[in-house]
Amino acid sequence: MAGDEKKMPRFAVVFITAAMLALMLVGILAIRISEQAEGNSGFAYKQTIFAIVGVIVFAICAAVPYPKFGKAAYPLFGVTLALLVLVFFLPEVRGSHRWIDLKFFKVQPSELAKLSLIILLAWYLRFGDHYRSLVGLIPPFLLTLVPMMLILREPDLGTSLLFLPTLYVMLFMAGAKRRHLFGIVCVGTVLLFIPIPQSTASMSTDVKETRKALAYWTMGSGDSEYVVSASVLAVMKKHQLERIDGFLRQDDPRVIQGKGYHLHRSKIVLGSGKVTGRGDWAEAEIYFRMLPDDHTDFIFSIIGGQWGFVGCVILLGLYIVIFVLGVEIAYATHDAFGRLLAVGVLGLLVSQIFINVGMTMGLMPITGMTLPFISYGGSSLIINCAALGLLVNVGHRKPILLSRRPFEHKEPTAPIPYRPLEKVAGGARWEVPKP
Amino acid sequence: MYKHRLKILLIFIALMFTVVLVRLGYMQIVRGDFYRQQAERSLESVQLLPSYRGRILDRNGVILAEDEACHDFCLDYRFIAADPRWIRARVREIAKAEGMDPRDEKAKAWATQVYDRRARYTWQLTGQIAAEFGLELPEVLGRVCRGVQRVRQAVGRDVREQRMAHAVIRGLDERQVNSLRPLMPETIGASIVPSHQRRYPFGATACHIIGVTGPVFRKEMERWNLTAHDAGWLKRMRSNYLPGDTIGKMGVEKMAERLLRPKRGFRRFERIDEVTEEVPARPGGDIQLSIDIELQAKLTQLLAGSGHTGSLVVLSVPKGEVLAMVSWPTYDLNAYRQNYSRLVGDTVNLPLHNRAVTSVYAPGSTIKPITALAGLGAGKITPDTTITCNGENPYSRNGKPRCWYRSGHGPLELVAALRKSCNSYFVTVGHWLGAKMLVYWMRDFGFGQKPGTGLPEERSGVIGTEAWLRRYRDRGFVPSDAWNFAIGQGVFSASVLHVANAHATIARNGVFLSPLLVAEGGPPQTRRELPLPQLHMDAVAQGMYEVVNVRGGTAYRYFRQGIPLGVEICGKTGTAQVPPMRIDSNKDGRIDRRDVIVKQGNHAWFAGFGPYRRPQIAFAVLLEYAGSGGRNAGPIAKEVVRICKEFGYVTEGG
């Protein structure tokens, strides 16, 4: 990671932009394949328009000096929250309050929430060290949990699950104490996995079967039967439970036929690509018959099936280009807000990719989650373009060297050496940057 | 610190990508062939082709049971499951049929309305037909859906059954089809499809032998279905039972299930409609019975005319074939399902019981020839041994069991004892033999074992061996066992087939053959030659001859009445004393002294063979609670022989 800090950014900007365009192209191609089987429903065409809009948004986000976004962080966050509340007053679409229908375009405020939260957190965390105490961690957590809970209520489990990893990456990079972060994870895990007994009397047969399969153990029998399962499972709804069960028992032939059907099919399509993919367009029909949601959540399976291992590696390589250069940008930037913005965007993209790709190959339970720049969906594509635009924006601004380098917190456990000759205003808590 | 943490972040990202890549490599490179195969298999679909169950024929090749053409009322599975894509396609079709553009919103709305109307009408119609057949619609539909799900599970992927019409109501006849045809255009997703159902041309005749079929139970599937461990996929697909499949439930239908059951065919489709592989269905094999259905029908009429419930069995002597096996009352096989509750509910007449093999009775005096043979064979008596009858048992303190002729027959030799059916004589022989020896001889004549025709309803009857008594009566032999066994009472029960076959054994001069019901495919016939000298056989046959043909014989009077038979037969009457029949009238779940008596009296038996010199048939007649064997069963037996003669099973006067 060493290297000349001043040369990096422009080089990075070009390559990130190129990688993004390549990803969008791959996405449109994959959508085209999946819709061919369904009989030309126009998804690829729409996605192309979204991509053009996305590029424009990308350009705007890259061009406007990014500190301006920071200043607009609170108003933007307020608007996002208002939109997230507004969806609950709009009619349901496919069983959830996720979209605001503008006739020509359906806006998904939860996508916007991802971006505005990153900006807000970056703005909030950019100075100070207040989050280096446990109490100080409460405000960033609150800021994250409010939109997260609203999205969870929509319900959109997938998107809401993104917020915590993003928050964690940003807090970690801002220098929150490791033991605090680790402690919170431990406490959260324990809370989620605390055994809770539930009576099976009021459950329907299939729910009971699923709950029993997932339970730690069962007690009693007949009417007074109790399943003791993790608390997180106890609050889950039926379809979520089934997905968890379908994921955990993904090799059980009985589960494959029901709960794990989707995952099973996804794995078959993905695995059938072998090394170089099938390359036969006529066989694209297979995808339609096997994967109902193939142009959104399961687009990676299509890519794997169509272009094989080689294609997947190239695709992941494009992402890696973005990440490595993104980290370089974060490395080269000296501005606190910029640094946090950069790592926030990276954290968001990494989590999305890992969750989405993981669920198509059986590493993760299935949640509704798009693959950045690839999956069909306007809101997702445009917001991801905007996020990448911000990253590029950070990258091509000259580092402001007037301030001291941020986030170089001194671990308080290390004794501070007494240096009588280098007295710094405000005490010796901050390390003096070396010239 | 920041840069250090950035490195950690980068390592973390690299780790995630590594995990994904390793998994990807495992799935696509290591297991790629497996997934490719799975993907290709999922492109195929499979259809199972039904086939015909084998026929049941009588000895002359007359059809007793066959799968007959009829029609089924079918609904498309996608209609039942309300598959939205299928509905959209139908709506488009409706619009197109009216010459409208199916993409036009107005046309779509109109066509949707038409679809809804037709769908409602279809459900209404289906409900009506179901009601006509006495079926509950939800139950029928549930069966269809479960069936499809089971096929899908068995095949392990999407199956053609999910895109097919399924029979909802089976067995529509021509009249019903004709009245339905004009209504079909107003329905949607419904169709009338040619099919077949089990038909029994003779209705109630030989119903107990032929038996019935019915939908397979889960237990039966578990019992018979091959598992992946036993056989390959194709074989399992072709022969395993699926819900709704027919299986034999009683009689020959059950006994010969393996032979009668067809193997279904199998068609594999690539993509949508391209057949890539086809294995034709194999119809089930026919099974031929030794029964003569005409004779059976005639004898059924005869038995029905007696006014008693009961049974009669006619065996051919040379081969031991069952020529007729009647049990009265009968039931109509073609209406079995409709009448089922009435048939099962009739606890007094028990029409579902096969009285020839299932019900066991005390054989009474019909056993006396065998007691005599046992005594002779064991050397306890000779044909000339004289025993004096004074009307009671000389060995018991109270004189029981007494002779039916209270004043006593006086001194008797074997032939006269048989002729007069003297209890005292045979009780004495039994006493000399002992229970153990008697049981041994009885078992040699087939008592206490299943007759061996292969019918699933066969029962072995009971002959109180020492082990049996220890187990169920908690005692050993007592002297009265020997006295009772000798005259066919006590812990001794046998079916009508047992008795007929024992008499056939006498007719064959001591060669025991198990009765044969099916020509081929049944259990093998057992044959034993009993160590009985001709002298003994002649003496017993002589006694049985005199029962019928000599003045003083217990059946002499009844055979002399009416038209002469023209055949000299040997026989033995029997009047078995039995406890009265009660039903569970107070519904406490058991039958005891407090329950109402519905029938009482003695069972009337007549068993024998004929013609005397060269026996061709052996027979046994039983009338339940009919009283005296000679008076009631005798005339029936006479008619049996006359009818057999008419049919040519008895050819000479002998």
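I need the trypsin sites (Lys or Arg not before Pro) found in the range B:455-515, filtered to DSSP loop residues with at most 16 other beta carbons within 10 Å of theirs.
For trypsin sites (Lys or Arg not before Pro) across the range B:455-515 that sit outside H, G, I, E and B with at most 16 neighbouring Cβ atoms in 10 Å, the list reads B:Arg473, B:Arg475.
For the cross-link pairs B:Lys380/B:Lys599; A:Lys71/A:Lys177; A:Lys212/A:Lys267, which exceed 31 Å when the distance is taken from alpha carbon to alpha carbon?
B:Lys380/B:Lys599
So what's the range B:200-278 giving for Cα Rg divided by 2.2 N^0.38 Å, two decimals?
Dividing the Cα radius of gyration by 2.2 N^0.38 Å gives 1.38.
If you count, for each residue, the other Cβ atoms within 10 Å and average over each peptide, how do B:593-602, B:321-330, B:140-149 line up from highest to lowest?
Highest mean packing first, the order is B:321-330, B:140-149, B:593-602.
Cα centroids of the range A:47-90 and the range B:286-342: how far apart, whole angstrom?
Using only Cα atoms, the two centres lie 89 Å from each other.
Taking all protein chains together and a probe of 1.4 Å, list B:Arg5, B:Arg419 from the most accessible to the least accessible.
Order by accessible area, largest first: B:Arg419, B:Arg5.
Compare the peptides B:57-65, A:63-71, B:256-264 by average per-residue count of other Cβ atoms within 10 angstrom and give them in order, highest first.
In decreasing order of mean packing, B:57-65, A:63-71, B:256-264 become B:256-264, B:57-65, A:63-71.
For the range B:47-288, which whole percent of the accessible surface, found with a 1.4 angstrom probe, sits on carbon and sulfur atoms?
Result for the range B:47-288: 50 percent of the exposed heavy-atom area is carbon or sulfur.
Can you list the residues in the range A:234-269 whose accessible area drops by at least 20 Å² when all protein chains are present, compared with the chain alone? Use a 1.4 Å probe, heavy atoms only.
Residues losing area: A:Gln257, A:Tyr261, A:Arg265, A:Lys267, A:Ile268.
How about the range B:56-110: which GluC sites (Glu not before Pro) there are in a DSSP loop, with at most 14 other Cβ atoms within 10 Å of their Cβ?
Answer by residue number: B:Glu98.
How big is the A-B contact in terms of buried accessible area, both chains counted, 1.4 Å probe, rounded to the nearest 100 Å²?
4600
Let me check I've understood the local charge: for B:Leu6, count other residues with C-beta under 10 angstrom from its C-beta, Lys and Arg +1, Asp and Glu -1. What total comes out?
+3
For peptide A:169-175, what's the mean number of Cβ atoms from other chains within 10 Å of each residue's Cβ?
3
Could you order the peptides A:297-305, B:519-527 from most to least packed, using the average number of other C-beta atoms within 10 Å per residue?
Highest-to-lowest ranking by the protection proxy: A:297-305, B:519-527.
So what's the gap between the Cα centers of the range B:33-98 and the range B:420-465, to the nearest angstrom?
The distance from the Cα centre of the range B:33-98 to that of the range B:420-465 comes to 55 Å.
Debye sum, Cα scatterers, chain B, no solvent: what log₁₀ I/I(0) at q = 0.05, 0.07 1/Å?
So the normalised log intensities work out to -0.37, -0.61.
Along the principal axes of its C-alpha atoms, what lengths does the protein assembly as shown span, in descending order and rounded to whole Å?
149, 79, 51 Å, listed from the longest principal axis down.
Okay, helix-only estimate at 222 nm for chain B: each DSSP H run of n ≥ 4 adds -39500 (n - 2.57), divide by all residues, round to 500 deg cm²/dmol; what do you get?
So the calculated ellipticity at 222 nm is -12000 deg cm²/dmol.
Counting only protein heavy atoms and using a 1.4 Å probe, what share of the accessible area of the range A:143-191 belongs to carbon plus sulfur, as a whole percent?
Exposed carbon and sulfur together represent 80 percent of the surface.
Please go through the residue pairs B:Lys249/B:Lys298; A:Lys237/A:Lys274; B:Lys254/B:Lys319 and name each one whose alpha carbons sit more than 29 Å apart in this structure.
Exceeds cut-off: A:Lys237/A:Lys274.
Kindly report the accessible area of the range A:194-272 per residue (heavy atoms of protein chains, probe 1.4 Å, no ligands, DNA or RNA), in Å².
Counting only protein heavy atoms, the per-residue value for the range A:194-272 is 50 Å².
What whole-number value in Å² describes the accessible area per residue of chain B for a 1.4 Å probe?
Spelled out: the 1.4 Å probe surface of chain B, per residue, equals 45 Å².
Can you pull out the trypsin sites (Lys or Arg not before Pro) in the range B:330-400 whose DSSP state is coil and whose Cβ has at most 10 other Cβ atoms within 10 Å?
Here the trypsin sites (Lys or Arg not before Pro) that fit, given the DSSP loop and packing criteria, are B:Arg397.
The values are calculated or read from the model by the stated rules, or taken from the named source; none is laboratory data. Fair warning: this is a prediction, and the values are worked out from it, not measured in the lab. Neighbour counts are summed over all protein chains in view; Cβ atoms, including those assigned to glycine, are modelled from backbone coordinates with ideal geometry. Calculation scope for accessible area: heavy atoms of the full protein, side chains included, ligands and nucleic acids excluded. Shrake-Rupley method; radii C 1.70, N 1.55, O 1.52, S 1.80 Å.
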